[in-house]
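What follows is one structure encoded as structure tokens, with my remarks underneath.
Nothing in this text is a laboratory measurement; each read-out follows from the coordinates by a stated rule. None of the values given here were measured: they were computed from a predicted structure. In this analysis, Cβ positions are derived from the backbone assuming ideal geometry, glycine residues included, and neighbour counts consider all displayed protein chains.
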Amino acid sequence: MILIVDDKPENIFSLKTILELHSFPTDTALSGEEALKKILRHSYALIILDVQMPGMDGFEVAEAISGYSKARDIPIIFLSAVNTDKKFITKGYSSGGMDYITKPFDPDILLLKVKTFYRLYEQNRELNRIQASLRSEIEFRKKVESELEEALRKKDEFISIASHELKTPLTTIKAYVQLLDRDIGADDPTKMYVDRTLVQVRKLDNLIVDLLDLSKIESGKLKFNKKIFNFGAVLSSAIEMIRQTYPDYQVVLKGEGDVRLYGDEMRIEQVLINYLTNAVKYSPDNKEIQVEVACDKDQRLCVRVRDFGIGIEKDHQSNIFHKFYRVEDAGRFQGLGIGLYICAEIIRRHEGEYGVDSEPGRGSVFYFSIPVAESKALGTVTE
Ligand code: ADP
């Protein structure tokens, strides 16, 4: 709405008629005082303000408006007699006004100015609306984000406490079941149950060890005891362990693993066992697993574990090394989705690279490569 302020009703009438003819809604005030009261109560897009009025003149009204936070940005067009001195015009501008029209005014010029100001006002209002909604969106996101961190922190804390608390009684159970297994005769009818219990206890133990590793990674406490070691020995031990645990599977070794690496051999063995266990787990119908070992021209050892199992869709391949990521199809296989995440961290901490090539229904190749040891790396270092 446009507020017309003039002490002469006939002036107000002619301005109101022109503006309303062009669909601008108007309001009127016959004095500066009345105008100020109205400005406090309503919001206007533009004020057309007569300069010469008895009581408060137009400049005084403009100055008072500039003191109202709610109204100080409303543009003002001053209306004044043609002979107005230049210094009054300047005064008009400095007290918050925006434009100036001399009387008798040209209706076309007036309309042009009104249209421009009106458009600016509407654009401004739209910008303010967008700004306010952006601000509230930002506030909302900040709040959700901080709740989500907080939630992640609590989850990590819970995982850490729960896995520590579970580990102690489980270690005792494992020790007693192992004792029982050793003491029980091979032909004892309960031997089968003891063996099955031991298998399940080992599975549980592996899960808890993974959870403990996960919380160590999260808190930056995953430690490595690095020294030079022979990779061939570690590889043989990992393959042997898989052969014993899964006698139906055939693990074929291709290539020579007899190289020296600098790293934490237990952790490297953990990666191998993880890749191999997954190869077994995700190949229920094809029981051959191939392990290919080779050194490339950049003196990096490259290990590839190939299975002929269910494979992985392209879309999932880049995610499976992320924490808790499991392909939906894997739902029929048990797991927490943290094994590969831990492997990735271990390989990264050995300046290594890792990845997967896979085709759904045909199998997968999980690989990693790490630098072969340089002779300068001697002794044991804890990182
Ligand atoms: P988990 O096996 O406990 O789910 P991992 O972190 O070891 O966790 O693996 C993450 C996901 O990657 C698995 O849930 C599975 O979807 C997929 N995956 C891993 N290894 C293989 C494989 N050899 N063949 C097919 N899918 C695999």
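Counting other beta carbons within 10 Å of each Cβ, put His42, His350 in order, fewest first.
The order, fewest Cβ neighbours first, is His42, His350.
Between Ser146 and Ile159, what is 0.36 nm times their sequence separation minus the Cα-Cα distance? Round to one decimal in nm.
Numbers: separation 13, 0.36 × 13 = 4.68 nm, distance 1.99 nm.
Once the chain is fully extended between Ser146 and Ile159, it gains 2.7 nm.
Multiplying the sequence separation of Ser236 and Glu292 by 0.36 nm and subtracting their Cα-Cα distance, what value in nm do you get? Provide the component values of the computation, followed by the final result.
On the way: separation 56, 0.36 × 56 = 20.16 nm, distance 1.26 nm.
This chain segment gains 18.9 nm when fully extended.
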All other residues with a Cβ under 11 Å from the Cβ of Asp264 taken together, and with Lys, Arg as +1 and Asp, Glu as -1, what is their net charge? +2
How much FRET efficiency would the formula 1/(1 + (r/R0)^6) give for Lys8 and Gln123, where r is the Cβ-Cβ distance and R0 is 30 Å, rounded to 0.05? 0.35
Counted neighbours (other Cβ, 10 Å), sorted fewest up, put Val114, Val61, Val327 in the order Val327, Val114, Val61
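Determine the relative contact order of the chain: mean sequence separation of Cα pairs under 8 Å and six or more apart, normalised by residue count, in whole percent. Please list the in-between numbers first.
On the way: 547 pairs, mean separation 40.3, N = 383.
Normalised by residue count, the contact order of the chain is 11 percent.
With n ≥ 4 as the cut-off for DSSP H runs, can you work out [θ] at 222 nm for the chain, using -39500 (n - 2.57) per run divided by the number of residues, rounded to the nearest 500? Write down the numbers at each step before the final one.
On the way: 10 runs with 192 residues, N = 383.
Rounded to the nearest 500, it is -17000 deg cm²/dmol.
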Taking the chain as a Gaussian network, Cα atoms linked when under 10 Å apart, which of Ile310, Ile268, Ile74 shows the biggest mean-square fluctuation? Ile74
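For segment 136-281, rounded, prolate or oblate, judged on the Cα gyration tensor with a ≥ b ≥ c (square roots of eigenvalues), a/c < 1.5 rounded, else prolate if a/b > b/c? Working shown, then result.
Values: a/c = 2.44, a/b = 1.42, b/c = 1.72.
Judged from the Cα gyration tensor, segment 136-281 comes out oblate (a/c at least 1.5, b/c at or above a/b).
Magnitude of the Cβ-charge dipole of segment 149-219, K/R +1 and D/E -1, about the Cα centre, nearest 20 debye? Working shown, then result.
Working: 11 positive and 14 negative charges, 17 e Å.
Roughly 80 debye, rounded to the nearest 20.
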In nm, the gap between the two label points placed 7 Å beyond Cα toward Cβ at Ile101 and Ile184 is 10.2
